[in-house]
Amino acid sequence: MTAVFQPTDPAQATTAAATPAASLSSRLWVNTRGMLTPSVIAGLAILGLFVVIAIIGPYIAPDDPSATTAAILQGPSLHHLLGTTQTGQDVLSELLVGTRASMLVAFLAGAVATALAVLIGTASGLIGGLADELLSVLTNIFLVIPALPLAIVLAAYIPNGGEIALVIVISATGWSWSARVIRVQALSLRKRDYVLAARASGESRMRLIFVDTVPDLLPVIAIQFLSLVLFAILTEAGLAFLGLGGTGSWSWGNMLYWASEDTAWSQGAWWWFVPPGLCIALVGTSLALINFGADEVLNPRLRSARIARSNRASAAEPPSSAAGPELGAGPAAGDSDADVLLEVRNFTVTYRTDDGAVRAVRDVSFDLHRGEVLGIAGESGCGKTTLAYAICQIQRPPAVIEGGSLLYRPRADAAAPVDLLTMTAEDRSKYRWEEMAVVFQSAMNSLNPVIDVQNQLTDSLTSHRPDWTKQERNARAAEVLAMVGISGSRLHSYPHELSGGMRQRVAIAMALVLEPSIVIMDEPTTALDVVVQREIIEQLTELRHALKFSVIFITHDLSLLFEFADRIAVMYAGSIVELGKADRLYRQPAHPYTLGLGTCFPNVSGPLKTVRGIPGSPPDLRSLPDACPFEPRCGYRLPVCGTRQPQLTFGRPPLHDQTLVACFLHDPEQAASLPAGLIPGQASNA
Amino acid sequence: MRYYARRVGFYLLAAWAAITINFLLPRLMPGNPVEVLLARLKGHLSPQATNALEIQFGLAHHTSLVHEYVSYLNQLAHGQLGISITYFPTPVSTVIGEALPWTVFLVGFATIISFIVGTLLGIIVGWKRGSRLDVLLPATTFLSAVPYFWLALLAVLLFGYVLKWFPTSGGFGLTDTIGFNLPFIESAISHAVLPAVTIILASIAGWVLSMRNMMVTVLGEDYVALAEAKGLPRRRIIMTYGARNAILPNVANFALSLGFIVSGAILTEAVFAYPGIGYLLFEAVSNEDFPLAQAIFLVITIAVLVANLLADVVYGMLDPRARQGEA
């Protein structure tokens, strides 16, 4: 039963943020929508059944549960559906009548304990300071003092207290874990703007707690309530089983007490103690199932595990590698194959969610040449990070590679390229890191927090260079660390001991350990301040000249790519909309979206220009219409743009012949209807 | 080092709180059943023993609360927990001293097995998330909600009464002499099998479920994706990158889990009449033996605190951030 009370670390059980402006009912709706998973429905059904029995039980019981008869210890029969006890009492009647007392104590104690936990938890979290310290210590003390022994001693002092005494004892011993969870939640709320505003405007603390924050805590409180009901039902049964439940009334625990007192098991009278225990277990299961569903809502990763499960069958077929059509006429034209290191064709990645398939990467094709830096730019949510993960084949569920091919040419003279998607698992683990390494956006998250830098640098050597000695591995780790300008004394540091810039350098050093031919970098400098960002870009440029690796550099910062990249692919809504040489893209952006992106960032060294955003927001990837996805936001749109999707094809002269653009403005068929000077790529030339 | 000092300090505080609760309980509760007991025992008790019980249970009306508290602490410091009424006139400390090894052996063994096996199962089910293994989850959820003592009753019925595989009551055969001899050890082990299996079965589901959920959460972290991209062996990805991080909350929340296991073990011992302190507590409560019941509460609490301190030491070894005083 431990898991029920520790769904996850309290800090991680963070609720989805609800806006304070929204009404209470709509907030609840947002928080509960999508919660009705099969397990939650099953839990609610079982719980509902027992609530109904608790209400009508005493009226439908066939006999008086306390009435003794001569029919002692009889097994289940038509007359006594669940048999009789040592004193000839009807087990079914005891069970039906006992449901009410058990459920009543459980729900009452659950409610009282929840109220206590909310009071202490929110007070502690919202008031802060010394009060928080003291209340936290109190909570933690009650957390480490085992609940049942304390409850037993307490109950022993009130032998005939009845249900009220049970409720008090159970709630007094069970509130602490919930108080801790609620405190963590309240702490995170305390820092939100509207609570700060309420405090500044001098609202009273009670009002602050009960009017402003409790509604936002409701989902967490509801979960804690269910956990506490479960705790109460088990504790009540335990106390009753020890004879501390007030033996005068019927409850499931009392039934078990009498069954045990009269050693029902030694007479084989299973019908006497199996039903009440089963009822306790079923109610407990129903509460746990509901909480399990709620956990999935609060922790999306658990949810995606479930979705991955339901989609496994359809995701099993390998993506077809023969999907790349017309390679000759496609993006590869003009390059000799020998020059191409990685060939991405018709690559499609989909997130299979409850609300439908989100096509995050759609039909993406490009080549990575030997020794080049290929930039991939786009707004957040355009699919560039999904693309990076999928090229490394480390996409997380529910993302699935739906189709396309990844062909790798390790050497210029290699006869046939290696298909990365269909290679065996063994080959793939050899290929990984040896040929292609990756640097993620946030280095804090990409370093394992519990092992030191040296270990994280050398573990790829251990698996890829099995014949190396430990000294050789450690020497190599120190060497790559020196390459990114970090002293060897940092080898034994843990990630949390390093600054953000250092962590990112370690992540880069890690990628270079095996001297791969491709390094994929996903926003490697975005989280850093400009000065550090500049240093790291300069360092990367040097390293690239020395080690000759190719880079796929993913960022939202087009101006950074203008400097650093040889060629740039611009992504919008999961597809590439423009692909060409960096200097050409800088001088002559061909796609209206590229033009917009270029004006989003000020250029410090270039001529002054107005910084503008792109009006509107990216489309919903679940339901893309058969039209240009940028059409609603585009200032150059033509009638044709709303009727079908433009293909990625060569731009018309004077665009360089290696420029690809997916826009009807560059479609020869549309040329006749265009006034001269409207086309972005030509306008700047005019 | 500061981390460990803080933890030790907290547990000392918690121990002091438990002792104080113990001191205050009889004074706060309506009526004082011990008074009745003392009257019944009049003449059987030495004046010192009477005095000690009066201090323990707040019956020495002629002294102040502070004075009683100091005397009470003084008694505790000298290991005087009073006289058991159930086992009159044996001192409580002797009674508990005889029962404690049984419980430490049974509960310690069962908890370690349950933690190790449950955590390993959780790692596997978490790694294979979305696979057929997930059908285990509803079954585990059910098992996690089953009362320990009900499972114990079922075990007694099935393996003791129907199949007659194991003894159903006590900690050793009546003919055995307690000590380091083979018949006694064999007998003790065969008596411990059913209670231990009950505790393991009832507690394992919690470890499986929480480890599985943490594993699924951690496997979504970038550093696990990176470990995969590095082409590391699956074993290293699962253990060093996944499980090493996923286990941290389980160790950090060990207190809570242990509290439930100990609570369940008390009831399990009561079913099996196992000669540990859980059964002793059951006897004490049945006989209104308040000195014994309260002393057992104190001993269980302190044992749980010590176990928690050990869990914190392990946590410190597992998480470099805690060691350096962040937590």
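Every read-out reported here was derived from the displayed coordinates using simple, explicitly stated rules and does not represent laboratory data. Remember, it's a predicted structure, so these values are computed and weren't measured experimentally. Note that each Cβ is placed from the backbone with ideal geometry, even for glycine, and that neighbours are counted across all protein chains shown.
Tabulated data
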| quantity | calculated |
| --- | --- |
| FRET efficiency estimate (nearest 0.05) - Cβ-Cβ, A:L44 to A:T424, R0 35 angstrom | 0.15 |
| Degrees between helix B:65-77 axis and first principal axis of chain B (Cα, 0 to 90, nearest 10) | 70 degrees |
| Semi-axes of the equivalent ellipsoid for segment B:1-42, Cα gyration tensor, largest first, Å | 37, 10, 4 |
| Segment B:92-289 - Rg (one decimal) and Dmax (whole number), Cα, Å | 19.9, 65 |
| Neighbour cut-off at most 11 other Cβ (10 Å), DSSP loop, trypsin sites (Lys or Arg not before Pro), segment B:110-180 | B:K164 |
| Rg [Å, one decimal], Dmax [Å, integer] - segment A:353-436, C-alpha atoms | 14.3, 47 |
| DSSP bridge orientation in segment A:347-458 - percent antiparallel, rounded to nearest 5 | 90 percent |
| Calculated [θ] (222 nm, deg cm²/dmol) that DSSP helices of n ≥ 4 give over chain B, each run adding -39,500 (n - 2.57) | -23500 deg cm²/dmol |
| Whether segment A:419-466 is rounded, prolate or oblate, judged on the alpha carbon gyration tensor where a/c under 1.5 counts as rounded | oblate |
| Degrees separating the helix B:2-28 axis from the principal Cα axis of chain B, which is the longest one | 40 degrees |
| Set of lysines near A:K581 by C-alpha distance (under 25 Å), chain-local residues within fewer than 8 positions excluded | A:K384, A:K548, A:K609 |
| Residues of type lysines that A:K470 reaches as a straight line, Cα spacing below 24 Å, ignoring anything fewer than 8 places off in the same chain | A:K430, B:K230 |
| Cα gyration tensor, segment B:72-188 - rounded (a/c under 1.5), prolate or oblate | prolate |
| Label point at B:R2 placed 7 Å out along Cα→Cβ; residues across segment B:306-326 whose backbone nitrogen lies under 20 Å | B:312-326 |
| Segment B:115-164: radius of gyration over Cα atoms, expressed as a fraction of 2.2 N^0.38 Å | 1.50 |
| Cleavage-rule hits (trypsin sites (Lys or Arg not before Pro)) in segment A:366-440: DSSP loop, at most 14 neighbouring Cβ within 10 angstrom | A:R411 |
| Ranking of A:E133, B:E68, A:E669 by count of other Cβ atoms within 10 Å, fewest first | A:E669, A:E133, B:E68 |
| Rg ratio (alpha-carbon, reference 2.2 N^0.38 Å) - the protein assembly as shown | 1.13 |
| Per-selection Kirkwood Rh - segment A:31-172 (Cα, Å, 1 d.p.) | 18.7 Å |
